[in-house]
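Just below is one structure, and these are the notes that go with it.
The values are calculated or read from the model by the stated rules, or taken from the named source; none is laboratory data. A quick note: this is a predicted structure, and the numbers were derived from the prediction, not measured. Please note: Cβ atoms are built from the backbone with ideal geometry, for glycine as well, and neighbour counts cover all protein chains shown.
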Ligand SMILES: Cc1cc2nc3c(=O)[nH]c(=O)nc-3n(C[C@H](O)[C@H](O)[C@H](O)COP(=O)(O)OP(=O)(O)OC[C@H]3O[C@@H](n4cnc5c(N)ncnc54)[C@H](O)[C@@H]3O)c2cc1C
C-alpha cells in the first residue's frame, strides 16, 4: 500500500485572511499547505514597524469585546495574557475645542449639538443598532438614510463633517451600510449611547498575533514562502492549478487567493473573476509618531474640523502601556485617500510637514522637539468602497477557474472591515474548500 499523498493547497497573501485560512486548511490534516507572501514578512496591514529603536504596529489595531473569533484565536495561540482591556474612550475636536465623549455627562455637555439634537442622535443610534438586515441601509442613498434616522440637523452638524473629515473626497461614496456597520460595531464596545467604550489591545501590538500565527502554521507542517510575489494563476495539466511567481512556477490541487480585489484581478485573467464585488478601494497613509509626552487621554480624537489634513488622532499608548515602548507615546495621524488624491504623490517629508502643522492646530502646545521618532506609512488597498445604493454582493469564494478560490475584504459587506470579520471569512472559505475537495487524495506508489 502506498502513502496517501495529500492534495497540495496554495494560499496567496500572508495577511490575517491568508494566515487564518492557511491555519484552518492545515489544521484539517487534509492538505499540504503552502502560503505565498510577496513581502519579506507576513502580516499585510498588521505588520510591525521599526520606529527608531522601537517596534510598534504599522497601523493601529484594537479588539472589541464582540470580536470573539479574534479573542479565541489570540487564546489558542497562547497570547491571552497579552490582551489588555481599557476604557480609553474618545474625544471630539471642532470649532477649536477638544472635548471628551466618554460618559453620559460628557454627552450632556457635548457643545456641538443642542439638547433636542442630542436626543435625536441618541435615539437614532439606538434605532440603527437594532437594524438586523443590512440590505435596508444598502438600498437607499446615504444622505436619505442619515436624514431618516437622525434628522437633517444632526446629519449636517455631526455626520457630514465626520464623514468628510474621515473619508475626504470619498465621503459621498461611503454607503449607509458601512455607517450602519460602524455604529453597530462601536455600540458593541459601549454601554448606553454615550457609555464608555471597552477596548482591547494586544501587547506589544497586533503584529504579535501575526508572528504567533505564522509560528503555529510552520509547526503544523505548512510552508511559508516570503519574498515570493505571485504573478499569475493559470489552469495546469490534469485539473491542477499553476501558480507562477517571480522565480518559479508550481502546480497545486487548489489555490485560495486572499489579496484585495484589485490585486486579485492583477493575477487572474479578467474573465475568470466573479463580478459584483466592489473593485474600488481607498488607500491609507499615516504619520506615525513616538512622542516624549502624551497628547491626550483618548484612544481616538474624532474630527469635526474638515480643514485638518488627517482623519483622526489615534494615541495607541492610551490602550497599550507606554512602558512597552520605552516610555514613548505612540500617535497615528491617518488619512484615507482615493487613487486620485494629490497626497499620494507627495513625499514623506511633505506629508509629515502638513500633518504636523495640523496637529499643532489641535494641540497648540505641541512642539517638534516632542518627537522622538517619526515614520510615514502607506497602503494602497485599505478599504473597499461599496457604492451607495448598490445591492450587497453575496460572499462567493469561487472563480471561473475550477480549483481557484478567492476570499478578500471586498466580500465583507455586512459588517465593518476588521480582523474578526477577516478570520470568519477565511475560515468559511477554507471549510468550503475542504468540503469541495473531499476525496481528491491520491495514492502515491
Ligand atoms: C489603518 C487601519 C486600521 C485598522 N484598525 C483595525 C482595528 O482597530 N481592528 C481590526 O480588527 N481591524 C483593523 N483594521 C483592519 C485589518 O487590518 C484588516 O482587515 C486586515 O489586516 C486585512 O487583512 P488581509 O489579509 O485581508 O489583507 P492584507 O493585510 O492586505 O494582506 C494581503 C497580503 O497579500 C500580500 N500580497 C499582495 N499581493 C501579493 C502577490 N501578488 N503575491 C503574494 N502576496 C501578495 C500582501 O503583501 C499582504 O501581506 C485596520 C486596517 C487599517 C488599514
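Against the definition (within 16 Å of the ligand (Cβ to nearest atom), under 24 Å from the mean Cα position of the chain (by Cα), in a helix (DSSP H, G or I) and crowded, with 18+ Cβ neighbours inside 10 Å), how does residue 426 come out, yes or no?
Values: within 16 Å of the ligand (Cβ to nearest atom): yes; under 24 Å from the mean Cα position of the chain (by Cα): yes; in a helix (DSSP H, G or I): yes; crowded, with 18+ Cβ neighbours inside 10 Å: yes.
Judged against the criteria, residue 426 is a match.
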Is it the case, given these coordinates, that residue 303 is more than 16 Å from the ligand (Cβ to nearest atom), under 25 Å from residue 171 (Cα atoms), surrounded by 14 or more Cβ atoms within 10 Å (Cβ to Cβ) and not assigned by TED's automatic domain parsing to the domain that holds residue 436?
no
Scan the stretch 67-84 and tell me whether some residue there is surrounded by 19 or more Cβ atoms within 10 Å (Cβ to Cβ), away from the ligand (no atom under 16 Å from the Cβ) and over 20 Å from the mean Cα position of the chain (by Cα).
no
Only residues that are part of a helix (DSSP H, G or I) and either more than 16 Å from the ligand (Cβ to nearest atom) or not assigned by TED's automatic domain parsing to the domain that holds residue 254 (or both): list them for the stretch 15-32, please.
26, 27
The stretch 412-423 - residue that is more than 8 Å from the ligand (Cβ to nearest atom) and buried (at least 23 other Cβ atoms within 10 Å of the Cβ) and, of those, nearest to residue 256 (Cα to Cα):
423
So residue 133 ticks every box in (1) within 20 Å of the chain's Cα centre (by Cα); (2) loosely packed, with under 14 Cβ neighbours inside 10 Å but one. Which box is left unticked?
(1)
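Within the stretch 342-392, how many residues are assigned to a loop (DSSP other than H, G, I, E, B), over 24 Å from residue 47 (Cβ atoms) and either modelled with pLDDT under 95 or outside the structural domain of residue 289 (by TED's automatic domain parsing) (or both)?
First, the residues of the stretch 342-392 that are assigned to a loop (DSSP other than H, G, I, E, B): 346-347, 363-367, 385-392.
Of the ones still in play, those that are also over 24 Å from residue 47 (Cβ atoms) are 363-367, 386-392.
With either modelled with pLDDT under 95 or outside the structural domain of residue 289 (by TED's automatic domain parsing) (or both) added as a condition, the list becomes 386-392.
Looking only at that region, the number is 7.
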Quick check on the stretch 140-149: of everything there that is more than 24 Å from residue 95 (Cβ to Cβ) and crowded, with 18+ Cβ neighbours inside 10 Å, which residue is farthest from the chain's Cα centre (by Cα)?
149
Quick one: which of 264, 209 is crowded, with 17+ Cβ neighbours inside 10 Å, part of a helix (DSSP H, G or I) and modelled with pLDDT under 95?
264
What is the one condition in (1) away from the ligand (no atom under 16 Å from the Cβ); (2) closer than 30 Å to residue 413 by Cβ; (3) assigned to a strand (DSSP E or B) that residue 333 does not satisfy?
(1)
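State all residues of the stretch 41-57 that are part of a strand (DSSP E or B) and either assigned by TED's automatic domain parsing to the domain that holds residue 14 or surrounded by fewer than 24 Cβ atoms within 10 Å (Cβ to Cβ) (or both); if no residue qualifies, say none.
48, 49, 50, 51, 54, 55
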Against the conditions (1) within 11 Å of the ligand (Cβ to nearest atom); (2) in contact with a helix residue (DSSP H, G or I) (Cβ under 8 Å, 6 or more places away or on another chain); (3) in a loop (DSSP other than H, G, I, E, B), where does residue 232 fall short? Just the number, please.
(3)
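Kindly indicate which of 111, 152 is more than 27 Å from the chain's Cα centre (by Cα), part of a loop (DSSP other than H, G, I, E, B) and not assigned by TED's automatic domain parsing to the domain that holds residue 359. Lay out the reasoning, then the answer.
Working: 152 fails: part of a loop (DSSP other than H, G, I, E, B).
Answer to the selection: 111.
Kindly provide the set of residues from the stretch 33-48 that are away from the ligand (no atom under 12 Å from the Cβ) and under 18 Å from the mean Cα position of the chain (by Cα), ordered by number.
In the first step, residues of the stretch 33-48 are kept if they are away from the ligand (no atom under 12 Å from the Cβ); the result is 33, 48.
Correct list: 48 only.
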Would you call residue 317 in contact with a helix residue (DSSP H, G or I) (Cβ under 8 Å, 6 or more places away or on another chain) and assigned to a helix (DSSP H, G or I)?
yes
Looking at (1) in a helix (DSSP H, G or I); (2) in contact with a strand residue (DSSP E or B) (Cβ under 6 Å, 6 or more places away or on another chain); (3) under 30 Å from residue 330 (Cα atoms), find the lone condition where residue 215 falls short.
(2)
